[in-house]
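J.: A single structure is presented below for examination.
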Amino acid sequence: MTRAPAHSNRERKDAYEANKVAKRLRRLAGQAIADFDMIGDGDKVMVCLSGGKDSYALLDVLLYLRQHAPIDFEIVAVNLDQKQPGFPADVLPNYLAGLGVPYRIEEQDTYSVVKRVIPEGKTMCSLCSRLRRGVLYRVAGELGATRIALGHHRDDILRTFMLNLFYTGQLKAMPPKLRSDDGRHVVIRPLAYCEERDLAEFARIRNFPIIPCTLCGSQDNLKRVEVRRLLEDWERRYPGRIETMLHSLCHVRASHLLDRDAFDFRALPPSRSARARVSPHAADEPLDHGDAFQRAFAED
């Protein structure tokens, strides 16, 4: 009996695992697109390609879904060349041309602006992202794109949630679908349900030509890095916690929080028995003691 070579078995196993990762990413992206109505028939989706693993995976997944989706939509890839020193300007054009994907490379020296404005050692991400967003919104308008697709994934969303919770005093994350402040653009995040480790594995399997970022990618003292380590530690100690957190963001109960704008506590009626004790006709009268309490404390 002849045994199959060990390397053949290993190759089959690798191919099987690679197919599992690809299918999982496509399924989760398709689910997110459907859950949040991200892409419709006739849309023109501008995929923002940075050269990182997440945006490469986003483009790959959307190209696959476009072939198999029950709707027809266009894809155009856009990269913002921020003029970072040593940026390999030929990598993305060659990659996209090989795929046959329409693309545009937008050149704008936001790198120098960030380095000039932000003191050494301070966080560059906020200004850098605002500058990028402004350029990408303008390009989307020029291309006639109806959707702007970003490569943020599940772990990005949870880290942002924790950062806002710890440092800004807000319960806020990255929404899977967002309309810009001026109402002209819709931003989508089809990888909202996808895990970063799957995206990293997918990038390895696909051998994407990764381009490192020399701005935020070079800073290891960011609050986001601290939160990332915290969440990774929790997940190691209590497997499944990250998935539970994502589930929580999908099931918000405003009546069980303290935000008076999100839930009208004053309009919440007291029990019928309490009304009856106050007055036989009180069941038909709204009770609002908020102003009285405020006056009492103000006088005190």
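The values are calculated or read from the model by the stated rules, or taken from the named source; none is laboratory data. Computed from a predicted structure; not experimentally measured. Here the Cβ positions follow ideal geometry from the backbone for every residue, glycine too, while neighbour counts run over all protein chains shown.
J.: Can you list residue pairs whose Cβ atoms sit under 6 Å apart, with the first residue in the range 154-170 being over 19 Å from Ser129 (Cα atoms) and the second being among the polar types (S, T, N, Q) and part of a helix (DSSP H, G or I)? Count only pairs 6 or more apart in sequence or on different chains.
T.: Gln170/Asn164
J.: Right, something else. Do we find that Val139 is modelled with pLDDT under 80, surrounded by 12 or more Cβ atoms within 10 Å (Cβ to Cβ) and out of contact with any Ser or Thr (no Cβ under 6 Å at 6 or more places or on another chain) in this structure?
T.: no
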